[in-house]
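What follows draws every value from the coordinates through simple rules; no lab data is involved. These numbers were taken from a predicted model, which means no experiment stands behind them. Every residue, glycine among them, receives a Cβ derived from its backbone with ideal geometry; neighbour counts consider all protein chains shown.
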Amino acid sequence: MVTGSSVPVGSGATGSIATTLAAAIEWWREAGVDGDFTELPQDWLAEALPTPAAAALAQPIEAKPAPKIGGPMASWPDNLVQFAAWWQEEPTLAQAGLHRVPPYGPRKAPLMVLVAMPEEADRETLLSGKAGHFLSAMLAAKGLSRDQIYLASVLPARTKLPDWEALASAGLGAVLAHHIALAAPQRVLVFGRGGISTLLGNGWAQTAASLGNFNHESVTVPLMVAVDLEALLASPGLKSGFWNRWLEWTGTPQQ
C-alpha cells in the first residue's frame, strides 16, 4: 500500500482499477521502492523498553565465594589421630581424584618437618623417594631417625603449580597453623621457602637467615625455613649453606 504519493498514470490509461493499481505498484517497484511508507515521523533512536525476562538477564551474576579450605574452624579435629583421618577426607583440602598421603609421627616430637607436598612416587608414606633418602641421611647425622620426627606436607596431594597466594587467601595458612599446634613439636623445619612461607602470615617471624619462631595461641616454637629438598639435592652450595644454618639453629658446634 502506497500512501501520501500520486500515481503517475498516463492519460491514455484504460482498464479496471485493479489493473491500474497493479501497474502503479510495478512502476514503483522498478523505481526501487519495495515497501510501505508513511509520512508520520519515527524516533528510530529511542531504546526499546526491556522485557522483564531481558531485564533479569541483564543483571550481573554475583560469583559465589569459594569455600574456605577446611570448612568451618569449629569442625576441625582437636587431636592428631582425628586430624590424619580428616586430612584424607576433607574435600576442600585437595581436588577429587588426587592421591593423598597422610602425615605421621608422634606428638611433641623433637622435630616437625614440613614439605610442600608429597613426592610423585609417594603412596603410603611421605618422602619415599630421593628427597626422603636425603632427609633420612641428614637426620641420621644429627642422631635422629624418621620414626622420631613428625613429618607432614602442607598439601595432602601432589599438585601441579599450586597458587600459594590463592591458597593463603582461601585459608590454608590457618589449617597449617592448626596442624602444627596439634603436633606440638619442639622445633619446626620447613622445606619450601618460596611456597610455604606465603602461608606463614602474622603467626610467623622470620629473619633474613630464615631462623625464627612459630607463634600460635601463646605457643612459641623455634622455626627454620629452607629451600625445598629437591633444590638442596641439586646444589652442593645450597646443601653446605643449609647444613651450617642447621648446626647453628640446633646449637651444635661446627667441626
Review point. Using only the Cα atoms of the stretch 117-165, what do you get for the radius of gyration and for Dmax, in Å?
Key: 12.2, 36
Point to revise | Residue among GLY241, ALA183, VAL81 farthest towards the positive dipole end of the stretch 76-250, charges placed on Cβ | key: GLY241
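Just need the Rg to Rh number for the stretch 125-197, please, alpha carbons only, Kirkwood Rh. Intermediate results must be reported in sequence, preceding the final value.
Details: Rg = 13.6 Å, Rh = 13.9 Å.
Taking Rh as the inverse mean 1/r over Cα pairs, Rg/Rh reads 0.98.
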Revision key, fill the gap. Looks like the stretch 76-250, by Cα gyration tensor root eigenvalues a ≥ b ≥ c and the a/c under 1.5 rounded cutoff (else prolate when a/b is bigger than b/c, oblate otherwise), is rounded
Point to revise | Under-5 Å amide H pairs with VAL190, H placed in peptide plane, nonlocal only | key: LEU114, MET224, VAL225, ALA226
Review point. Which whole-Hz couplings ³J(HN,Hα) result when phi for each residue of the stretch 238-249 is put into the Karplus expression 6.51 cos²θ - 1.76 cosθ + 1.60, θ = phi - 60°, listed in order with x for Gly and Pro?
Key: 5, 5, 5, x, 5, 4, 5, 5, 4, 5, 5, 5
Point to revise | Charged-residue dipole, Cβ positions (Lys, Arg, Asp, Glu), the stretch 76-250 about Cα centre, Debye nearest 20 | key: 460
